[in-house]
There are 2 protein chains.
Amino acid sequence: MPRPTPLSGFPEWLPAERIVELQVIERLRRTFEMWGFAPLETRAVEPLDQLLRKGEIDKEVYVLRRLQADPDDEGDAGLALHYDLTVPFARYVLERSGHLQFPFKRYQIQRCWRGERPQEGRYREFTQADLDVVGAGDLPFHYEAELPLVVFEAMDGLPLPPLRMQVNNRKVSQGFFRSLGLEDLGGVLRLVDKLDKIGPDRVGDALQAEAGASPAQAKAVLEFADIRAEDSSVAERVLRLGGDDPMLSEGLAELVRVVETARQNAPGRLVADLRIARGLDYYTGTVYETQLVGHEDLGSVCSGGRYDNLASSGDDRYPGVGLSVGVTRLLSRVFSKGLVTASRKVPTCVLVALPAEERRTECDQVAAGLRRRGVAAEVAPAPDKYGKQIRYADRRGIPFVWFPQDDGTHEVRDIRSGEQVPADPDSWMPPGADLHPSLTPS
Amino acid sequence: MPRPTPLSGFPEWLPAERIVELQVIERLRRTFEMWGFAPLETRAVEPLDQLLRKGEIDKEVYVLRRLQADPDDEGDAGLALHYDLTVPFARYVLERSGHLQFPFKRYQIQRCWRGERPQEGRYREFTQADLDVVGAGDLPFHYEAELPLVVFEAMDGLPLPPLRMQVNNRKVSQGFFRSLGLEDLGGVLRLVDKLDKIGPDRVGDALQAEAGASPAQAKAVLEFADIRAEDSSVAERVLRLGGDDPMLSEGLAELVRVVETARQNAPGRLVADLRIARGLDYYTGTVYETQLVGHEDLGSVCSGGRYDNLASSGDDRYPGVGLSVGVTRLLSRVFSKGLVTASRKVPTCVLVALPAEERRTECDQVAAGLRRRGVAAEVAPAPDKYGKQIRYADRRGIPFVWFPQDDGTHEVRDIRSGEQVPADPDSWMPPGADLHPSLTPS
């Protein structure tokens with residue numbers, strides 16, 4: 001076969017990069033579990049009509065077809081790959097509600113697919129790490145203030161630039177727009193969402209041309225969308241613009257609680273930013289977006305919000321709130337800018353050198369003893385000259401090479417310093433920092 | 001929306017089952033890493049022509065199509081979901097060979113898709129855990145004896161029925177058939193592969209009718225395929241049937257080494273079984289299949305073999321050997337027969353009870369302190385009566401409920417025994433066995 005080439009939009013990492021990705025995912029997983037979120041995965045496919053139910057992204061969906069579909073077996077007709085983990089989770093909750101305990105807290109780390117035109121940070125196949133809480137019938141508000149803390153705690157354990165989260169609340173936006181006398185609340189929200197792309201002048205014009213706003217209303221909307229604050233002053237600034245609406249009051253109280261909770265527990269990480277709208281139409285309360293500081297051009301690396309109506313069937317409603325970390329987007333920037341590197345390309349801590357093929361069993365036993373103590377170890381592939389065996393370790397970043405001596409004793413060399421010392425195969429341990437590959441910011 | 005129903009062939013686990021699956025995957029991952037296998041994932045899609053290159057399963061492949069494909073962007077036309085992890089790995093090795101160090105040892109735990117008719121142990125979406133070693137140009141034989149030990153070590157750490165692996169070698173089968181004077185070696189192999197399904201009588205007939213065997217040749221093939229041995233006697237038994245062929249001799253020496261290595265390191269786990277053929281046509285040396293003892297009807301839960309020609313381009317050849325654990329197949333049986341259960345449905349070890357909503361901050365601090373010591377903890381969703389809060393814990397299997405007292409002291413109750421004792425929020429730790437969910441054989 002001819003040598004294959006990469007497929008645009010379907011990133012694949014090298015082993016050293018996968019080590020970084022795994023440690024990021026493990027950190028997220030452990031933190032989510034510390035906060036009591038249960039692990040979950042859903043199938044990769046959903047019925048197409050379910051995926052299209054929420055509109056907006058129909059052209060980006062990948063539909064499946066069996067190469068030789070069997071007309072008498074339609075069990076997998078009309079299936080498509082999921083484009084996020086929220087819609088499948090809502091479906092799962094409805095399907096399995098009788099087996100779940102509510103409020104149900106789960107995390108889900110899986111790949112998603114969208115047929116978008118690829119660019120940095122935007123892929124056709126990508127991994128998301130989601131956490132959500134859903135209630136049966138109702139869901140206490142405090143989870144909306146808690147979720148950002150979970151993500152901050154997870155990411156603070158990684159050698160990455162800090163996060164900065166922008167938060168708004170749909171009730172604040174819609175309540176304010178309504179209090180101005182505007183009617184097309186969805187249309188106004190969609191135009192506000194374009195502020196970063198097309199700027200305030202064109203949004204102001206569009207508010208008048210497309211959303212029925214007067215010049216004064218458009219001006220008020222732009223002033224509103226310009227408000228940013230890291231504390232309860234956000235509410236005072238909105239009320240100073242006028243506006244009197246029960247939904248606005250409720251939303252402001254919620255927004256203040258989210259901002260103040262973050263200010264006490266993770267100061268400097270979260271800001272109320274009233275231009276945040278989020279494209280997807282199922283949010284009903286708090287909405288979140290997150291920048292990696294210094295890499296704002298990458299777009300949001302952690303987004304989500306409160307949704308009251310995503311999972312409902314007849315009289316059963318399961319309101320929820322969720323956040324989704326864009327693992328692939330984050331890592332694409334980490335790798336393209338070399339922000340973090342793994343200390344080695346393999347898990348191996350010790351390469352046991354092989355003096356002669358006849359001595360493989362003896363070498364295997366040394367390696368097995370190391371593994372029993374939790375030290376990743378492998379034996380050299382062949383009894384090459386020691387220079388070549390050391391190169392095997394060096395190219396992979398394996399820090400130690402173990403030499404069985406002819407007299408039955410053993411020595412181990414730190415190939416970074418060249419220091420070689422006698423070692424007991426039944427008790428030797430590497431320094432803790434060398435036990436596993438580590439991540440270093442660069 | 002109407003309440004959704006499951007899709008046949010696309011299994012989804014409940015959270016308590018996902019806890020079991022995660023612990024199985026973590027055990028595999030850790031063991032693979034202890035032996036020096038590097039982590040890797042590949043994209044879920046391959047060009048269709050690559051997947052069809054190895055024939056045989058073309059009707060089972062899922063092809064992708066964007067719902068509204070863009071005629072000027074054909075970057076994702078002709079893509080299909082991978083049906084195993086070996087073919088994508090071979091493609092990855094060819095594509096990235098300049099960035100890899102050989103011999104290259106990697107593991108890969110990912111989902112695969114096949115449009116097969118679903119039945120127990122056979123799914124349309126399933127997770128495989130693969131480990132492979134590939135060399136550049138050549139690959140030392142000893143890895144073929146080593147891989148089974150890695151899998152045995154991984155699975156021995158889990159509370160599951162033991163594995164029993166059957167091993168053969170393509171060189172043994174083909175060398176023996178050739179020494180008999182048979183010519184259609186592939187045809188004979190495919191018929192031997194049907195022994196378990198259609199029995200020796202019908203295979204004997206077919207050998208004569210379809211593969212050009214004489215009655216004596218067919219009898220010799222059946223006698224050969226009946227040989228099973230756990231030690232080097234396998235070679236003597238084959239040679240007693242006659243047969244003199246250099247490929248046969250080489251294969252027998254290899255087979256004996258695989259069997260003897262297992263006998264010394266994992267006695268009773270591996271048997272030479274000369275009826276093992278493996279359907280896929282790319283194997284060239286050792287082939288493996290594995291039964292879960294007492295669940296042989298499930299089919300093989302760990303298969304693989306040596307392949308010399310899967311990854312090659314021009315003069316560059318990357319021979320390899322691999323094993324693939326069928327995680328979903330294994331777990332489907334674990335769950336349908338209740339072989340293993342998780343001690344709880346959530347990671348949470350401690351539920352901090354909430355005396356009143358005004359005291360949430362104080363309770364959050366208790367939970368945060370527990371988490372800092374590695375104890376998964378969450379605060380009750382609402383200040384309900386304590387009976388209801390204890391039920392929240394009980395339904396999820398959370399073992400401890402923490403009660404902040406009105407006088408500033410604290411107590412913790414083991415809700416399994418009902419014992420409630422004073423506890424210091426800055427130092428209390430649960431018994432080690434309760435720290436994380438554990439798996440129990442049932």
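Can you give the FRET efficiency to the nearest 0.05 for B:Gln420 and A:Ser438, using r as the Cβ-Cβ distance and R₀ = 30 Å? Let's see the in-between values first.
Working: r = 42 Å, r/R0 = 1.41.
Computed FRET efficiency for B:Gln420 and A:Ser438 comes out at 0.10.
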Cβ charges +1 (Lys, Arg) and -1 (Asp, Glu), total dipole of chain A, debye: 900 debye
Neighbouring partner chain Cβ atoms per residue of A:124-130, average, 10 Å criterion: 2
For B:Ala356, label point 7 Å along C-beta direction: distances to other copies, nm: 8.3
Cα centroid separation - segment B:297-317 against segment B:349-386, whole Å: 52 Å
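Per-residue Cβ counts within 10 Å, from other chains only, averaged over B:40-50: what number is that?
Details: counts 7, 7, 3, 11, 6, 8, 3, 2, 1, 1, 2.
Per residue, the average neighbour count from other chains is 5.
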Positive dipole terminus of chain B, leading residue within B:Ala382, B:Ala44, B:Leu439 (C-beta point charges): B:Ala382
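Sort B:249-258, A:352-361 by the packing proxy (mean of other Cβ within 10 Å over each peptide's residues), most packed first. Don't skip to the end; give the middle numbers.
Working: B:249-258: 20.5, A:352-361: 16.9.
Going from most to least packed, we get B:249-258, A:352-361.
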Förster radius 25 Å - calculated FRET efficiency between B:Ala69 and A:Ser313 (Cβ-Cβ, nearest 0.05): 0.15
Label spacing, shortest first and in nm, from B:Ala382 to its equivalents in the remaining copies (7 angstrom along Cα→Cβ): 7.0
Mean Cβ neighbour count within 10 Å, used as a protection proxy, ranking B:326-332, A:138-144 highest first: B:326-332, A:138-144
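Suppose only helical runs count, i.e. DSSP H with n ≥ 4. What mean residue ellipticity at 222 nm does that imply for chain B under -39500 (n - 2.57) per run, divided by all residues and rounded to the nearest 500 deg cm²/dmol?
Working: 14 runs with 162 residues, N = 442.
Theoretical 222 nm ellipticity from helices: -11500 deg cm²/dmol.
Please state the charge dipole magnitude for the protein assembly as shown, taken about the Cα centre, from unit charges on C-beta atoms (+1 on K and R, -1 on D and E), reported in debye and rounded to the nearest 20.
Details: 112 positive and 136 negative charges, 34 e Å.
Dipole of the protein assembly as shown, to the nearest 20 debye: 160 debye.
Taking 56 Å as R0, compute the FRET efficiency from the Cβ-Cβ separation of A:Glu357 and A:Arg240 and round it to 0.05.
Details: r = 82 Å, r/R0 = 1.47.
For A:Glu357 and A:Arg240, the calculated efficiency is 0.10.
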Approximate spin-label separation A:Ala382-B:Asp406, in nm, with each point projected 7 Å along Cα-to-Cβ: 8.0 nm
Cβ-vector label at 7 Å, B:Asp406, separations to other copies in nm: 8.4
Shielding by partners - mean other protein chain Cβ count within 10 Å, residues of A:3-15: 6
Pairwise label distance in nanometres, B:Asp193 with B:Gln264, each label 7 Å out on the Cα-Cβ vector: 3.3 nm
Peptides A:399-410, A:147-158 ordered by average Cβ neighbours within 10 Å, highest first: A:147-158, A:399-410
Inverse of mean 1/r across different Cα pairs in segment A:197-312, Kirkwood, Å: 15.8 Å
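Values quoted throughout were computed directly from the atomic coordinates according to the rules given, and no laboratory measurement underlies them. On a predicted model such as this, the values are computed, not experimentally measured, just so you know. Glycine also receives a Cβ, built like all others from the backbone with ideal geometry; neighbour counts cover every protein chain displayed.
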